[in-house]
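Beneath this line is the structure, given in structure tokens, with notes to follow.
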Amino acid sequence: MTRHDPSILRGFGLAAALLALAAPGIPATAAPVRTEQAEAELLAERAAPEAGKPFTVALRLQAAKGWHTYWRNPGDSGQPTSIQWQLPAGYHAGPIQWPVPEKLPIGPLANYGYEGEVLLLTDIALPPEAKTPARIAAHAKWLVCNPERCIPQEADLVLDPGAPLRAQQIAYAREALPESAGAGWGLKASGATGGVALEVVPPADLRAMTLHFFPYEEGKVQHAARQPLERRDAGMRLFIPVAAQAVGAFDRVHGLLVADGVRGFEIDVPVKGAVTASPVVGSARPLGLVAALALAFAGGLILNLMPCVLPVLSIKVLGFARRRDAHAMRLHGLLYGAGVLASFLALAGLLIALKAAGAAVGWGFQLQSPVFVALLAMLFLALALNLSGAFEFRSLVPARLANAGASHPHADAFLTGILAVVVASPCTVPFMGAALGYALTESALVALAVFAALGLGMAVPYVLLAFEPRWLRRLPKPGPWMVSLKRWLALPLYATVVWLAWVLSIQVGLAGTQPAQDGWQPYSQARVAELVAQGKPVFVDFTAAWCVTCQVNKQLVLARPDTEHAFAERGVALLRADWTRQDPEITRALAALGRNGVPVYVLYRPGREPRLLPEILTREAVQSALADLST
Amino acid sequence: MKVLIAAFLFTAGNALAGTVGQPAPDFTLNDVGGKPVKLSDYRGSYVVLEWVNPECPYVEKHYGSANMQGLQKEYTAQKVVWLTINSTREGHYEYYPPQKMAVWMKQVGGTPSATLLDPTGTVGRAYQARTTPHMYIVDPKGVLVYAGGIDDKRSTSKEDVKTAKNYVRAALSEALAGKPISAASTASYGCSIKY
């Protein structure tokens, strides 16, 4: 049988074969029923009933290597084994006595069940006059799974009176059954944030190294989550994370407490106080469209003051004072504004189109291209050299603006607008990442409107000054002071060149990745899932070399010794998702968090929803998120 | 500078995991025809999310008995949007490429509003979907109002569909009648999702 035979994959081929055995008219089998995945048979402890002793029958299920069957609560998926007894009149079967299960991780999920062999014992009550063995049969159903697939199986089984007895095997299985946690145990449960804290004082003779709680009911605990155990003076404290989609209130800790993976104790402890969900901070409700537009407009205004834009624009504005033709000036201003607006809309359109085409891109995609960064660096270098007077380049736009005799003044003004947006991009991308990223997760129309508002905000001061150049009259008359001003204004441009060169060096692999910081691992979704499944909290820093906010946060918060210490103390795994270059996996992870740009800071907590931290990270925000972990 | 930056980084939606009573995580997934489908485009309607894997015996139970197709037909006729999502990872042998998924849905006669593929499992994880089937209901305001099983009879036997209490029908009937959903969180059963 190959794995790729679809009829077998669904399990129906096998189920059908077994059902044939179970069909009426076909005698049930006493010999073990064998499938490729499992073997099933009924075993007896004794040949005939004995007064005062239970008549125990075992369903022996042997799962093949790599396969498992299920406990009474199967965990995140699966199905408990069930037995329908077919007994002579007067006979009564008790419930299945479930042995201690194992927790079986399945990717980010977990099942509770048994690998290999399991004996499911059932005590059968006989009428007092029963002396001779009677026909004991059962219809058993079980689900057998490996981490990749599940096959429902069933069989009619009959106890073979002639088969050798398995008294010892059954006695051993009975011995290993969970006991009731009676007197001698101190147990107290209280509701906490995200789970239940169980205070355990075990009897003096039990020296458990580990404890794990297996609930009888589903929908109460996060099955896959680790249950952190803390040792106290007088015992232990087990934290049981509550299910994300809890079914009903978690008001009883009812199930098995398993010590060292083998000894099970049945407990039923009422929970005092309610389990509370942990608040998610640092992310307010989504803005309304009007507020988003207003903020984008204000953001555009401020862009004029950014170090990459201010030097270039101010030189041009200073030139306004020298111009006389009011009509030409206004036209120039409007065309400049049109250039800015068109550039922002083109940028938004390009991004929306790329996304619609299925490309995993986000805001900042421009700066993810080393070619663009290299061109930008050269442009800034040229502008800076020009301002410092290293050379005059009459043919380039900024110098040309002052030249009233330019041959194509209209195209010139429009191009100036485009240039302004281009030189602003190292600032728009890093400072407005979250805002524009958000706009892009909304509809295309909202995204275009937000980008347009940003463009309007950026264009307005320049256009106003073009309409009202007299506002510039208070400035001193043009003179040598302008030359020294130019020299000073060149400095931020040089700084931008250095920064872009650094980004480029990372992108082309000269510097490998962003400078590594001790204790940080590279991000992957699988790694997060794996760590969370192990019960570890995980902090992910979604960052990029070109993201200034990210770098500021890193220096002021994440790289601080007290923050690093706090992470270490709580056993938080630190992952860094570097978006300096294109990375579809990171883009998708951002989208899952409702974002489309960096920075994003997330604390993944086992058994609880991930918690987003503010983009403007503070040490207090990190500390409070971490403090919340231990409750 | 920090204040200045703060002024512009207005914040986006929460990354709340699929929790009943909270906004349902928004997503965009391609349907089997390659067309992107966005959850928030359906604001104003009830949306059912159904996790599916055609290779799963529990899914076969509900499609083989025409239970799922019946629900899809019944509720899409009442303007409920029904999104069927397969989160099996690409590379798993139970993974169905878009074409195969489309053919399967046609063969079984399913009529969801869209059949979506989530091969990276991003959306499945966002909803903490664990099993196939696993059912969710999002209300017209985008709030998750139901998460759990299809019904209360954990089995692969098609016969059980007749006698089971169908949680999704119960929840939708209450919701469409403007009543609060009495069982908003139930235990789901089925195969584990092959993330």
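Here are the numbers:
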| read-out | value |
| --- | --- |
| Two-site label geometry, A:Glu179 and A:Arg470: point separation in nm, points 7 Å out along Cα→Cβ | 10.0 nm |
| Sequence of B:Val138, A:Val483 once ranked by neighbouring C-beta atoms within 10 Å, starting from the fewest | A:Val483, B:Val138 |
| Computed over region A:186-272: relative contact order in percent, which uses C-alpha pairs under 8 Å that are six or more apart | 35 percent |
| Antiparallel bridges, percent of DSSP beta bridges restricted to region B:14-192 (to nearest 5) | 60 percent |
| Of B:Lys179, B:Lys153, B:Lys165, the one that fluctuates the most in a GNM where chain B has Cα springs shorter than 10 Å | B:Lys179 |
| Sum of side-chain charges, A:Lys188 neighbourhood, beta-carbon under 11 Å (Lys, Arg +1; Asp, Glu -1) | +1 |
| Sorted by Cβ neighbour density within 10 Å, fewest at the top, the residues A:Lys220, A:Lys486 | A:Lys486, A:Lys220 |
| Cα gyration tensor shape for region A:528-631, rounded if a/c is under 1.5, else prolate or oblate | oblate |
| Positive-end residue, region A:137-227 charge dipole about Cα centroid, Cβ charges, pick of A:Val201, A:Gln153, A:Trp142 | A:Val201 |
| Most fluctuating residue given options B:Val103, B:Val48, B:Val143, as computed from a GNM of chain B linking Cα atoms under 10 Å | B:Val103 |
| Alpha-carbon centroids, region A:58-123 and region B:118-175: separation in whole Å | 25 Å |
| Relative contact order (%) - criterion: Cα under 8 Å, at least six apart; region: region A:530-602 | 48 percent |
| Exposure proxy ranking, count of Cβ atoms within 10 Å, fewest first, for A:Asp123, A:Asp268 | A:Asp268, A:Asp123 |
| Share antiparallel - DSSP beta bridges, the protein assembly as shown, percent rounded to 5 | 80 percent |
| Using alpha-carbon coordinates, inclination of helix B:98-108 to the longest axis of chain B, degrees | 40 degrees |
| Extension gain (nm, one decimal) between A:Ala51 and A:Ala130, 0.36 nm per residue minus Cα-Cα | 27.5 nm |
| Cross-link reach list, aspartates and glutamates versus B:Lys153, counting only Cα pairs under 19 Å and skipping chain neighbours closer than eight places | A:Asp76, A:Glu154, A:Glu217, A:Glu218, B:Glu50, B:Glu60 |
| Region A:228-270: relative contact order in percent, alpha carbon pairs under 8 Å with at least 6 residues between | 26 percent |
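Taken together, the values in this text are just the output of simple stated rules run on the coordinates, not laboratory data. Fair warning: this is a prediction, and the values are worked out from it, not measured in the lab. When we count neighbours, we look across all protein chains shown, and the Cβ atoms used for this are built from the backbone with ideal geometry, even at glycine.
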